[in-house]
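Novice: Got a structure here, written out as C-alpha cells. Questions coming.
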Amino acid sequence: MSIGNRITRGQAEEETLRMKGIRRLAQHLDISIGTVSRALNGRPDVNEETRRRVLAAAKELGYVPNQSGRSLRQGTTNIIGFMMQTGTEITGQGDTFFMSVFDGVQAVFARHKLDLVALLCSSQEDPGDYLRRVVARGFADGVILSATQRHDPRVAFLAERNIPFVTLGRTLTDAGQPWLDLDFEGMAQASIDRLVARGHRRIAITRPHDDTNLGYVFVERCRQALASHGLTLDDSLIFRSTPNEAGGYQVGRDLLALGERPTAIVLINETIAIGFYRALSEAGVKPGRDIAVIGRYSPHAQFLSPALTCFRLSLRDLGIALAETLLSTMPAFSHDYPQAAVNKLWPMQLVEGASDAVDIHHS
C-alpha cells in the first residue's frame with residue numbers, strides 16, 4: 001500500500017470517528033447533527049446559547065472539536081496566521097508598520113519551515129465573524145492577533161478552542177493568553193513630563209478612532225501624568241483619529257478651529273504626523289515655534305521639517321519576539337524557546353527633534 005493510500009484510509013477512519021462523535025452529541029442534546037457540526041466549526045449561523053451547549057457537551061463527553069482543532073493540535077499545516085484589519089481608513093497610505101513586523105516574524109518561522117499568512121479582515125466586516133470563518137477552515141497551526149479591542153471576543157473564541165495564539169496588544173478580555181504591547185504608558189509619561197517641564201499647561205493628545213485598547217491605555221496614563229503635575233486633561237483636547245495621513249490632517253484642522261488652542265500635542269499613531277504638519281502649514285502655523293509636537297517615528301517622518309521629536313522602536317525585533325512567544329506555547333516548538341517573553345511591554349526610545357522646541361517659559 002502506498003503512503004498516499006495509507007493517508008487516505010487514515011483520514012477516512014478519522015472522519016468516521018468524527019461523525020460518530022457528532023451523532024452522539026446530537027443525540028445527547030436532542031438537536032440535529034447539522035447544528036452540532038456548525039456549532040463545533042464556529043459557524044456564525046448558530047446562536048451563542050446553542051454553541052455554548054454544544055461546546056460544553058463536547059467537553060463533558062470528551063469529544064475533540066472540529067477539523068481545525070485537530071489540525072492545530074497536530075501541527076499539520078505549518079502555517080501561522082497573522083490577523084490584521086485592512087482598508088484605507090485603517091492602514092493608511094504606505095504604512096510600513098506591519099511589513100516590518102512581518103519580517104521579524106518570518107525570520108523566526110523560517111527556522112522551522114513555517115509559513116506566515118496575513119489574514120486580512122476588511123474594516124467593513126466584524127472581526128469575530130471573520131476569525132470564526134477562518135478557524136472553521138482549519139488551515140493554520142496558530143494565530144497572531146493585532147488591533148486588540150478593549151473587550152475582544154476573539155480572545156475567548158481562540159482560547160475555548162485551544163488554538164495557540166498571541167496578541168499584539170492588550171485587552172480586558174483575559175484568557176491567560178500571552179501578549180506583547182508597545183509601552184504606550186511610557187510614551188505618555190515621558191511626553192507629558194517633557195512638555196510640562198517646558199512650561200506647557202494646555203496639552204492635547206490623540207487616540208484611535210475605534211475601540212482599540214491602546215487608546216484607553218494612552219489616555220488614562222496621560223491623565224495620570226498631568227495629575228502628577230497638578231494639571232487636568234481637557235476632554236475637548238482629546239482628538240480621535242484614523243491611523244493615516246488624512247486622520248492627522250483632520251486633527252490639525254480641528255485643533256486650529258478651537259477658540260483657545262493648546263500649546264502642545266502628542267500624536268499616538270506613527271502615520272498621522274504627516275497630515276498634521278500639512279494642516280498646520282496651510283494655516284501658517286509652525287511646529288516647534290507655534291506649537292510643540294511629539295509623535296511616533298515612521299520612515300516618512302524623517303522628511304518632516306522641523307524634525308519630529310518622536311518615539312522609535314525596532315519593529316523587526318518586535319516581530320521576532322511575537323513569533324518566539326507564540327512558538328513557546330506550542331508543544332512542537334516550546335523546547336526551543338524556554339525564555340520567550342509571555343507578557344511584555346515593548347520599550348520605545350525618544351528621539352529628539354525640533355518639533356517640540358517651543359518653550360513657554362521663554363516665549
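The values are calculated or read from the model by the stated rules, or taken from the named source; none is laboratory data. These numbers were taken from a predicted model, which means no experiment stands behind them. Here the Cβ positions follow ideal geometry from the backbone for every residue, glycine too, while neighbour counts run over all protein chains shown.
Novice: Sort through Ile192, Ile238 and tell me the only one that's under 23 Å from the mean Cα position of the chain (by Cα), of a type in the set (A, V, I, L, M) and modelled with pLDDT of 95 or more.
Specialist: Working: Ile192 fails: under 23 Å from the mean Cα position of the chain (by Cα).
Every option except Ile238 fails the conditions.
Novice: While we're on this one: For Gly87, all conditions in the list (1) modelled with pLDDT of 90 or more; (2) of a type outside the set (Asp, Glu); (3) closer than 20 Å to Gly275 by Cβ hold save one; what is the number of the exception?
Specialist: Among (1) modelled with pLDDT of 90 or more; (2) of a type outside the set (Asp, Glu); (3) closer than 20 Å to Gly275 by Cβ, the lone unmet condition for Gly87 is (1).
Novice: While we're on this one: Working carefully through the options Val293, Val342, find the one that is surrounded by fewer than 18 Cβ atoms within 10 Å (Cβ to Cβ), touching a Pro at 6+ places or on another chain (Cβ under 8 Å) and among the β-branched types (Val, Ile, Thr). Don't jump to the end; show me each part of the working.
Specialist: Numbers: Val293 fails: surrounded by fewer than 18 Cβ atoms within 10 Å (Cβ to Cβ).
After applying the criteria, what remains is Val342.
Novice: Residues of segment 135-170 being in contact with a strand residue (DSSP E or B) (Cβ under 6 Å, 6 or more places away or on another chain) and without any contact (Cβ under 8 Å) to a residue 60 or more places away in the chain, which ones?
Specialist: Correct list: Leu158, Thr167, Gly169, Arg170.
Novice: Also, I was wondering about something else. When you scan segment 318-363, how many residues do you find that are more than 23 Å from the chain's Cα centre (by Cα), among the charged types (D, E, K, R) and closer than 22 Å to Glu185 by Cα?
Specialist: Number of matching residues: 2.
Novice: If you go through segment 146-179, how many residues are under 13 Å from Thr329 (Cβ atoms) and of a type in the set (A, V, I, L, M, F, W, C)?
Specialist: Of the residues in that region, 7 qualify.
Novice: Sort through Leu172, Leu168, Leu158 and tell me the only one that's on the phi < 0 side of the Ramachandran plot, among the aliphatic types (A, V, I, L, M) and touching a Pro at 6+ places or on another chain (Cβ under 9 Å).
Specialist: Only one candidate qualifies: Leu158.
Novice: Filter segment 195-226 down to residues that are among the charged types (D, E, K, R) and touching a Gly at 6+ places or on another chain (Cβ under 8 Å), then give me how many there are.
Specialist: 1
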